[in-house]
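Asker: Okay, handing you the structure first.
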Amino acid sequence: MITPTPEDEAALDATKAPLMEHLLELRTRLIWSIVSFAVCFAVSFAFANRIFEFLTRPLHAATNHLIYTALTEVFFTNVKIGMFGGICLGFPAIAYQIWQFVAPGLYKHEKNAFWPFLLFVPVMFSLGAAFVYFVMLPFSIKFFAGYQVPTTATAMGIQLQAKVSDYLDLVMTLIFAFGLTFQLPVLLSLLAKVGIVGAKALRDMRRYAIVALFAVAAIFTPPDAISMMSLAVPLVLLYEISIISVVFIERGRTREEAARAAAAGDVTPA
């Protein structure tokens, strides 16, 4: 762990305020977060049909129509799309409000360590969502649609009749699962930046981490081996990438500490 300097302690003390002031600040941040979500929800709901059309393109190769069996199913599907868009599109504004509330209570080195990684959260989420849309869904749909059986004179056919709500639930679940689990390098790099984990510890825990990652993949994906492997394999690769990222972070910290020691006269420059 990095020890705060007296200057950091003084800067943190300067931000102290009464409890009521913190509560009022929290109320303000919550209001702005709700407004951001509401605006993004309204925009997404207005374009729900186009968003759903985009999400169903991977399925179009297997079937040319969807069905719904409840009178309100399509309407509530559009509401789900609105909420989905409200969370995804509104995240930058909501994250900014969270940062504005939390940042005054952090030391300077904690702020410097945290905010760059906050920028990578939507990037990694987008990568996870793109992996679902462009890689996993087309492959999974093609595989499972292969079990259709054409109708013949002697046998009844088996045809895919996908429901609107079921398909959207599947896509949203996969996007959130992959988007959240793709935050693994961001999380581990942030913990390394503040000195909580190290590259050696991550290497020593590799076997246990792989088992845990497969368990996470089994929990967050539909109950089939293809979906689980589609998430587990990228997670293992991301874990290895995290180790490399932590190594570079530790090397950078070592250089900074050497430079500070040299500047303080503890180390004689060459």
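The values are calculated or read from the model by the stated rules, or taken from the named source; none is laboratory data. Being a predicted model, the structure only gives us computed values, none of them experimental. Reconstructed Cβ throughout: ideal geometry from the backbone, glycine too, with neighbour counts over all protein chains shown.
Asker: Can you pull out the residues in the stretch 188-225 that are at pLDDT below 85, within 13 Å of residue 136 (Cβ to Cβ) and touching a helix residue (DSSP H, G or I) at 6+ places or on another chain (Cβ under 6 Å)?
Answerer: 220, 221
Asker: Next question, about the same structure. Tell me, please, whether a residue that is within 22 Å of the chain's Cα centre (by Cα) and either surrounded by fewer than 14 Cβ atoms within 10 Å (Cβ to Cβ) or among the aliphatic types (A, V, I, L, M) (or both) can be found in the stretch 55-67.
Answerer: yes
Asker: Here are some residues: 243, 249. Which one is touching a residue at least 40 places away in the same chain (Cβ under 8 Å), β-branched (Val, Ile, Thr) and within 21 Å of residue 111 (Cα to Cα)?
Answerer: 249
Asker: Given the residues 35, 43, which is the only one that is within 22 Å of residue 123 (Cα to Cα), surrounded by fewer than 16 Cβ atoms within 10 Å (Cβ to Cβ) and either among the acidic types (Asp, Glu) or at pLDDT 90 or above (or both)? Before you say what the answer is, go through the steps one by one.
Answerer: On the way: 35 fails: within 22 Å of residue 123 (Cα to Cα).
Going through 35, 43 in turn, the sole match is 43.
Asker: Are any of the residues in the stretch 251-265 modelled with pLDDT under 90, in a helix (DSSP H, G or I), buried (at least 19 other Cβ atoms within 10 Å of the Cβ) and over 15 Å from the mean Cα position of the chain (by Cα)?
Answerer: Scanning the stretch 251-265, I find no residue that is modelled with pLDDT under 90, in a helix (DSSP H, G or I), buried (at least 19 other Cβ atoms within 10 Å of the Cβ) and over 15 Å from the mean Cα position of the chain (by Cα), so the answer is no.
Asker: Please tell me if residue 233 is surrounded by fewer than 21 Cβ atoms within 10 Å (Cβ to Cβ), more than 29 Å from residue 111 (Cβ to Cβ) and either touching a Gly at 6+ places or on another chain (Cβ under 8 Å) or not hydroxyl-bearing (Ser, Thr, Tyr) (or both).
Answerer: yes
Asker: Test residue 98 against the criterion of being in contact with a Phe, Trp or Tyr (Cβ under 7 Å, 6 or more places away or on another chain), assigned to a helix (DSSP H, G or I) and either modelled with pLDDT under 90 or among the β-branched types (Val, Ile, Thr) (or both), and give yes or no.
Answerer: Details: in contact with a Phe, Trp or Tyr (Cβ under 7 Å, 6 or more places away or on another chain): no; assigned to a helix (DSSP H, G or I): yes; either modelled with pLDDT under 90 or among the β-branched types (Val, Ile, Thr) (or both): yes.
Here the answer is no, as residue 98 does not meet what is asked.
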